[in-house]
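Bear in mind these aren't lab numbers, they're just calculated from the coordinates by the rules spelled out. Keep in mind the model is a prediction, meaning the values are calculated, not measured. Cβ atoms come from the backbone with ideal geometry, glycine included; neighbour counts cover every protein chain shown.
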Amino acid sequence: MTQALSRSDKQPSGQLFHNNEFMNDLRLQMLKFAILQVRNEALAEDAVQDAMLSAYQNIDRFNRQAALKTWVFAILKNKLIDILRKEKRYTNASILEEGASLNDEALIDHLFTENGHWQKDERPQKWDEPVHSVESKHFWRIFDTCLEALPAKYSRLFMMREFLELDTNEICDNEEVTVSNLNTTLFRARLRLRECLEDNWFQGENNT
Amino acid sequence: MMKCTQATQLLSEKLDRPLSNKEKMNLGIHTAMCPACRQFGKQMLSLRDISQRYVKQSDREEKDGNA
Ligand SMILES: [Zn+2]
């Protein structure tokens, strides 16, 4: 994986590729993102490796970690879209997204009363953090499932923001969405994620 | 007074953009009186924290862990 990148016969001018911690974190972030998008580990690995390789070949362009990250991520995103198109899953994802706003309305109706206040049963509860490692494994599985349950567009934007920690302007430019559209989508993604976590983890935890 | 639906949206947007003074004030008044939205605000921060840990945990648990 990263061996191919660090085996440098020509010394790259940038120091970024020699920052192992940064590169390793970046690779993991990309991999998480890719796996959740294409749902296939081998395809995801390939896409990440390709994107890292192109970044390596263009290393002269970057002097900041943020610049490299944005760039390498834009490449990865295009690769993932190609994969999804090839697998003809892209169209399915778009169909799912059309239905998404309806489900949001339903969720909002479910959570809030007509006059816009929390339903008594749905009021957010205090979350206890998972502490033990066994518990954690189980927690992360639930978190995975909750992420996968999000509409494709929601999880993509959420992951760009929270996993890749891109700032909102970068996401809007890359994804060609307006700021208010992004804000709303992130809100809905978080609303669903917290609902899913509360129903499947935090609440169950209190019951046991 | 602001509704919980509006307050929750602002509590999410707070993570993505700076709120205006007016928004801050209205949200502050709302959360002072609404424990559910206060809790929601904490959960939004937890979600961010969980996401950041999620990204890092895979190299310790499922992956071979070679850097
Ligand atoms: Zn409220």
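The figures follow:
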read-out	value
Among residues of region A:142-157, those that are surrounded by 22 or more Cβ atoms within 10 Å (Cβ to Cβ) and facing chain B (nearest Cβ under 10 Å), counted	1
Residues of region B:1-18 satisfying the condition of being in contact with a strand residue (DSSP E or B) (Cβ under 9 Å, 6 or more places away or on another chain) and buried (at least 20 other Cβ atoms within 10 Å of the Cβ)	B:Cys4, B:Thr8
Close pairs (7 angstrom Cβ cut-off, 6 or more residues apart or separate chains): facing chain A (nearest Cβ under 7 Å) in region B:32-49, among the charged types (D, E, K, R) and surrounded by 14 or more Cβ atoms within 10 Å (Cβ to Cβ) anywhere	B:Ala36/A:Arg123; B:Gln43/A:Arg194; B:Met44/A:Arg190; B:Leu47/A:Arg190; B:Leu47/A:Arg194; B:Arg48/A:Glu162
Residue count for region A:166-196, restricted to those that are more than 8 Å from chain B (Cβ to nearest Cβ) and touching a residue at least 60 places away in the same chain (Cβ under 8 Å)	6
Matching residues in region B:27-50 - criterion: being over 9 Å from the mean Cα position of the chain (by Cα), within 13 Å of the ligand (Cβ to nearest atom) and assigned to a helix (DSSP H, G or I)	B:Leu27, B:Gly28, B:Ile29, B:His30, B:Thr31, B:Ala32, B:Met33, B:Pro35, B:Ala36, B:Cys37, B:Arg38, B:Gln39
